1. Sort 51-63, 265-277 by the packing proxy (mean of other Cβ within 10 Å over each peptide's residues), most packed first.
2. Kindly state, to the nearest 0.05, the FRET efficiency for residue 51 paired with residue 111, given R0 = 25 Å and r defined as their beta-carbon distance.
3. Take every Cα pair under 8 Å in the chain that's 6+ residues apart, average their separations, divide by the length, and report that relative contact order as a whole percent.
4. Once the Cβ-Cβ distance between residue 126 and residue 70 is put in as r, and R0 is 45 Å, what FRET efficiency do you end up with, to the nearest 0.05?
5. At 222 nm, what helix-only mean residue ellipticity would the chain give, in deg cm²/dmol to the nearest 500, using -39500 (n - 2.57) for each DSSP H run of four or more?
6. Specify which residue in the list 201, 144, 180 is farthest towards the positive end of the charge dipole of segment 134-204, using unit charges on the beta carbon of Lys, Arg (+1) and Asp, Glu (-1), about the Cα centre.
7. Could you go through segment 176-184 in sequence order and give the Karplus-derived ³J(HN,Hα) for each residue, using 6.51 cos²θ - 1.76 cosθ + 1.60 with θ = phi - 60°, rounded to whole Hz, and x for Gly and Pro?
8. If you line up the long axis of helix 109-134 against the longest principal axis of the chain, both from Cα atoms, how many degrees apart are they, to the nearest 10?
Amino acid sequence: MATDIKLDESQVIVEAHGLEITGPDLEIDAAERRAGAGGTNRRALVHGPGDALVVNWGQDYTGGVYLNGLVRALNDVTVPAMAWPSQIRANGRIEPLGVTPTQVETVAVGAEITRLRGEMAVLREHVELLRMQASIRADASHYTQDGWRWCCRCAGLVYGTNVTRSVCPAPGGGPHDTSQSGEYVLFPHKSRYAGQSGWGWCNKCQGLCHGSAVLSGHCPAGSAHDRTDSPNYLIWAAENPQGSSAAKDFPAQDNWRWCSRCYGLLHSGGGVCPAPGGGPHTNQSWNYHLQTK
Ligand SMILES: [Zn+2]
Ligand SMILES: [Zn+2]
Ligand SMILES: [Zn+2]
């Protein structure tokens with residue numbers, strides 16, 4: 001195309017397919033927009049060393065750079081690492097006094113977000129465990145913990161407070177469905193009713209299960225149940241020779257059964273078993289009673 005330069009009243013119009021500057025700097029400097037700031041140059045775009053395009057070279061524009069509209073970075077983005085130079089501890093809380101960006105280190109944002117997601121997952125597990133432990137109410141002869149619920153999909157007993165992170169063995173997977181259940185109260189560590197000990201909370205599927213370190217059944221979240229950090233629950237059963245008849249003084253629901261395939265506690269029978277082969281749970285166990293709320 002033909003090129004032309006036109007001198008309008010207030011503008012210079014360059015008619016061309018492209019505009020090429022063979023030097024490194026493009027400056028835009030409107031004196032009235034400087035807001036009193038000094039400095040010789042206002043380098044908007046610079047062809048920098050290392051063949052980089054630099055916006056606001058030398059931070060000439062003291063007000064910084066604004067990007068309006070949705071910003072799309074098509075490749076990885078690096079940002080300055082933040083340093084927290086000082087912290088104050090007051091009333092048990094730690095508060096940062098200030099955040100100072102250092103110019104030394106850059107962090108690949110994609111990798112950093114992945115790392116943070118990993119740390120958040122670990123924190124979430126800690127919170128889940130703390131919630132589980134903090135919900136135990138203790139008195140002299142008796143510890144109780146409410147929040148346990150029945151899953152209408154797999155028939156298992158689940159710690160409902162953590163249900164969003166639970167894993168159900170029913171077809172389709174996802175968390176257990178405790179929406180159809182009332183609340184059950186378990187006896188962790190101590191029960192005046194002499195229940196059977198050795199029951200534990202699985203931190204992977206959130207279900208209640210009974211077994212040993214070696215024999216830990218099958219978890220719907222994969223491999224065996226993991227009862228690390230679980231309280232030792234005492235579950236009362238009619239056939240337990242060590243059981244106390246005093247158990248009858250709490251409102252209870254019976255017909256809870258231990259499944260000899262997955263080692264979970266489930267109500268009556270049926271449901272969906274996470275053991276290889278699937279199908280319903282087995283229910284040929286003692287008749288366990290759970291306290292209702
Ligand atoms: Zn379930
Ligand atoms: Zn499990
Ligand atoms: Zn089962």
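1. Per-residue mean Cβ counts within 10 Å order the peptides as 265-277, 51-63.
2. Once rounded, the FRET efficiency stands at 0.55.
3. 12
4. Efficiency at R0 = 45 Å is approximately 0.80.
5. The per-residue figure over the chain is -3000 deg cm²/dmol.
6. 201
7. Karplus values, whole Hz, x for Gly and Pro: 5, 10, 9, 5, 9, 10, x, 9, 10.
8. 30
The values are calculated or read from the model by the stated rules, or taken from the named source; none is laboratory data. Small disclaimer: the values here were computed from a predicted structure and weren't measured. Counting neighbours? That spans all protein chains shown, and the Cβs are built from the backbone with ideal geometry, glycine included. With ligands, DNA and RNA removed, areas are computed over all heavy atoms of the protein, side chains included. Shrake-Rupley method; radii C 1.70, N 1.55, O 1.52, S 1.80 Å.
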